[in-house]
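Reviewing the structure listed below.
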Ligand code: CU
């Protein structure tokens with residue numbers, strides 16, 4: 001084998017190694033740079049979220065809520081705790097009234113919320129979450145009591 005061919009083969013080997021390394025690195029990197037994307041809708045016209053049970057990795061979660069009903073108003077509110085906190089936030093939200101989208105001024109018990117959406121509308125929010133189990137609900141009057149709630153598990 002002459003010197004020129006040997007350099008040429010060595011060059012091919014180096015380029016192949018770089019290509020393999022680049023592909024391997026891309027596959028190992030976190031997809032999309034971090035945020036978990038979650039999509040929630042209403043179960044059609046029913047006063048329920050679909051899905052009602054969500055799972056995410058710790059860190060940034062981008063949640064998109066679509067009001068899939070035709071006429072009902074809904075929101076999606078993530079609370080700092082379980083059912084007991086959700087019940088409290090429901091009371092506070094209803095008290096805040098329609099003009100405030102049923103979101104209380106005091107957000108001590110709220111991690112994140114969408115705005116109040118008309119039928120067919122969507123809203124996206126990003127929230128940073130730590131490991132744990134969190135309840136979410138719709139604070140439109142009567143909806144939480146009717147079962148418009150769910151659970152986000154972060155692990
Ligand atoms: Cu609702």
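Quick one: check the C-alpha center-to-center distance for the range 31-71 versus the range 87-124, whole angstrom.
16
Radius of gyration and Dmax for the range 73-155's Cα atoms, expressed in Å?
11.8, 36
Read-outs: derived from the displayed coordinates by stated rules, not from any lab. It should be emphasised that the depicted structure is a prediction, and the values quoted were computed from it without experimental measurement.
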